[in-house]
Amino acid sequence: MMVEAINVRKSFGAVEVLKGIDLTVDAGEVVSLLGPSGSGKSTFLRCINHLERIDGGEISVNGELVGYRRQNGRKYELRPRETAAARRHVGMVFQRFNLFPHRTAVENVMEAPLFVKRETRAAAKQQALDLLDRVGLADKAAAYPAQLSGGQQQRVAIARALAMRPTLMLFDEPTSALDPELVGEVLEVMKGLAAEGMTMIVVTHEIGFAREVCHRVVFMDAGVVVEAGPPQQVLTNPSHARTRTFLQKVL
Amino acid sequence: MMSTADEPIVRLRHPGRWVAAAVIVFLLVVFIHFVATAPKLRLDLVVGYLFEKSIMLGLVKTLQLTVIAMLVGAVLGTILAVMRLSENPVLRSVAGGYVWLFRGTPILVQLLFWFFLGTVVPQLSIGLPFGGPDLISWPTNTVITQFTAAILGLGLNEAAYMAEIVRAGIGSVDSGQREAAEALSMSPWITYRRVILPQAARLIVPPTANQTISMLKLTSLVLVIGLPELTTTAQLIYGRNFQQIPLLIVASLWYLVLTTILTVIQNRLENRMSRGVRR
């Protein structure tokens, strides 16, 4: 089991945004999180990477507790450096790309292998060029993010996440900030990853992508999982009224 | 056949600019003529004293004080800024208290305080507090010379201002940058060094150049602890020969030269820092 979340709770001040989420994701599985904005799907995704602290329950990735160490029947919070080390096998792609604007495409991809894994510059560069080639941007290696289109930036961001050789990839609305005609190129790269067997959790509004690529669709609303299952079932024949109302609005 | 669409375009003309430029050039010529022909201005003295030995020594002292005080200020200021933005409430309060104290008291008082430290603390020692035995100790007056007092006064004061400049720079870096670095499993230290500070630097450079140019002239305050730098040296000379204006011109010319050099460096740095920024 790659990801196991049990009764995950999270509040921002007095507002409880996650009200006990249970979810398991197997290795090689592609799962999409669907739901109206404010449903807590992005927050949950960020909890898996401990970018947000959870207030209750627990999440494990590859059998290791995220953000905590279990000892004597308690969960002790990890130091920032330990949390950083635990994130090595989890890649993340953001809605707003978040590329480092002061570094070129190839430097963005090289950064973590160089300064986290302490690889040699030559090895990091070779790997970075291979990854850029894989996302179709071999010719843009020397470009700064500001010189790239949104779709190109997001593909560099995917290459940058892959450079740490993750076993799990998290995508937080990866196409929501893109012009409509650029969405396809990013989804193509993601489809390629899914076909290679990468475990992926994708927060998205792209129903087509969920239907075509995902093994499972999880529909969330108001901080709870309303229903989950194969895309044919959840997207074509939802069993809950809330799912039906949402799908009518987005389709 | 000529259609109206083919008629030539006439750009907006700016006759007022030409008139203004002519007036300014005329005033400049009048001023230069006045300076060159004023017999009591003693331009010959300006030329004579420009490279005079004590002026040169004062200039070197001004440069030393500026460079060292700014280095102390920038390094300590950056540390203070990172402390103020830390999650650790102890670090935050210590840095906040430092900035409060050093920004809140006059720099003149701080300079004098360090210089006269020996009058209240005759021995500087490393040992156990509350009257415990000393391990090493020095007489304060051998440690606190005019120069170290000047560096302490100027540098520690500057650190408080630099802390605020660096804090503003760090605060302007998009929070997504830190998240992206964290998600790539960078440690907090690597995140600061490779992601946050290089981007903050772009915004820190212009106000820091400002502070450096300001420091260049602020160093003349060390006059109060008897350290002769450029301005003080000029004053010492006109105290003897009563040629105030020529010697003040000598000092001003050197400040202008140094400021010009600093401005060039600032422009170079700004160009370098703007890598990847769309203009």
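Based on the reciprocal of the average 1/r between different C-alpha atoms, the Kirkwood radius for the stretch A:65-124 equals 13.9 Å. About its Cα centre, the dipole of the stretch B:191-279 is roughly 680 debye, where the only charges are +1 on Lys and Arg Cβ and -1 on Asp and Glu Cβ. From the Cα gyration tensor of the stretch B:1-133, with a ≥ b ≥ c the square roots of its eigenvalues, which class applies: rounded if a/c is under 1.5, or else prolate if a/b is larger than b/c, or else oblate? Since a/c reaches 1.5 but b/c is at least a/b, the shape of the stretch B:1-133 is classed as oblate.
Among beta bridges identified by DSSP and lying wholly in the protein assembly as shown, the antiparallel ones come to about 65 percent. Taking the Cα centre of the protein assembly as shown as origin and assigning +1 to Lys and Arg Cβ atoms and -1 to Asp and Glu Cβ atoms, the resulting dipole is close to 1080 debye. Taking a sphere under 13 Å around the Cβ of A:Val202 and counting the other residues whose Cβ falls inside, with K and R at +1 and D and E at -1, yields a net charge of -1. With the simple model of a label 7 Å out from the Cα in the direction of the Cβ, B:Asn271 to B:Arg193 spans 3.0 nm.
Post the alpha-carbon centroid distance, the stretch A:96-135 to the stretch A:4-65, in whole angstrom. Using only Cα atoms to place each centre, the spacing works out to 29 Å.
Couplings 3J(HN,Hα) of the stretch A:99-105, computed from phi: 5, 7, x, 8, 10, 6, 3 Hz, in residue order, whole Hz [Karplus 6.51 cos²θ - 1.76 cosθ + 1.60, θ = phi - 60°; x for Gly and Pro].
Short to long, the 10 Å bins of the Cα pair-distance histogram for the stretch A:10-100 hold 13, 46, 36, 5, 0 percent of all pairs. One quarter of the surface of the convex hull around the alpha-carbon atoms of the stretch A:156-230 equals 5.6 nm², the direction-averaged projected area. Taking B:Gly16, B:Gly127, B:Gly118 in turn, the Gaussian network model of chain B (Cα-Cα springs below 10 Å) assigns the largest fluctuation to B:Gly16. With the helix formula -39500 (n - 2.57) applied to DSSP H stretches of n ≥ 4, chain B reaches a computed 222 nm mean residue ellipticity of -23000 deg cm²/dmol. In straight-distance terms, cross-link reach from A:Lys125 covers every one of the lysines whose alpha-carbon lies under 16 Å from its own, apart from those fewer than eight places away in the same chain; here that gives A:Lys117, A:Lys140.
Treating r as the C-beta distance of B:Ser137 and B:Phe116 and R0 as 22 Å, the FRET efficiency rounds to 0.70.
For A:Gly229, neighbours were defined as the other residues whose beta-carbon sits under 15 Å from its Cβ, and their charges (Lys and Arg +1, Asp and Glu -1) total 0. Averaging the sequence gap over all C-alpha pairs within less than 8 Å and six or more residues apart, then dividing by the number of residues, gives the stretch A:11-102 a relative contact order of 16 percent.
Beta bridges assigned by DSSP with both partners in the stretch A:120-251 are antiparallel in approximately 50 percent of cases. Taking 27 Å as the straight-line reach from the Cα of A:Lys10, the lysines in range (excluding those fewer than 8 positions away in the same chain) are A:Lys19, A:Lys41, A:Lys75.
Expressed as a whole number of Å, what is the distance separating the alpha-carbon centroids of the stretch A:224-251 and the stretch B:163-195? For the stretch B:163-195 versus the stretch A:224-251, the Cα centre distance is 39 Å. Oblate is the label for chain A, because the ratio a/c of its alpha-carbon gyration tensor axes (a ≥ b ≥ c) is 1.5 or higher and a/b is not greater than b/c. A DSSP coil position with no more than 13 other Cβ atoms inside 10 Å describes the following trypsin sites (Lys or Arg not before Pro) in the stretch A:1-75: A:Arg53. Straight-line reach from B:Lys61: taking Cα to Cα under 20 Å and skipping same-chain neighbours fewer than 8 places apart, the aspartates and glutamates in range are B:Glu52, B:Glu158, B:Glu229. Each 10 Å bin from zero holds the following percent of Cα-Cα pairs in the protein assembly as shown: 3, 13, 18, 17, 15, 13, 11, 7, 3, 0, 0. Short-range pairs are left out: with C-alpha atoms under 8 Å and at least six residues apart, the relative contact order of chain A is 26 percent. Put simply, the amide H of A:Tyr68, placed in the peptide plane, has neighbours under 5 Å in A:Leu78, leaving out anything fewer than 5 places away on its chain.
Rounded to the nearest whole Hz, the Karplus-based 3J(HN,Hα) values (6.51 cos²θ - 1.76 cosθ + 1.60, θ = phi - 60°) of the stretch B:254-263 follow the sequence 5, 4, 5, 4, 4, 4, 4, 4, 4, 5, with x at glycine and proline.
What is the distance, in nm, between label points placed 7 Å from the Cα along the Cα-to-Cβ direction at B:Lys40 and at A:Ala222? Taking the two extended label points, one gets 9.0 nm. Between B:Ser86 and B:Ala168, the simple label model (points 7 Å from Cα in the Cβ direction) yields a spacing of 2.4 nm.
Every pair of different Cα atoms in chain B enters the Kirkwood calculation, which places the hydrodynamic radius at 23.3 Å. Could you give the Stokes-Einstein D for the stretch A:71-218 in µm² per second, using the C-alpha Kirkwood radius, 25 °C, 0.890 mPa s? Using the Kirkwood radius from Cα pairs, D works out to 153 µm²/s. Computed from backbone phi with θ = phi - 60° and the Karplus coefficients 6.51, -1.76 and 1.60, the 3J(HN,Hα) list for the stretch A:7-20 is 6, 6, 10, 8, 10, 10, x, 8, 8, 8, 9, 10, 10, x Hz; x is used for glycine and proline. Legend: calculated FRET efficiency, B:Gln244 to B:Ile68, from the Cβ-Cβ distance at R0 = 45 Å, rounded to 0.05, equals 0.90. Neighbouring Cβ atoms from other chains, within 10 Å of the Cβ of residues in A:94-102, number 6 on average.
Where a number appears in this text, it was derived from the coordinates with a stated rule and is not lab data. What you are looking at is a predicted structure, and each value in this text was computed from that prediction instead of being measured. Reconstructed Cβ throughout: ideal geometry from the backbone, glycine too, with neighbour counts over all protein chains shown.
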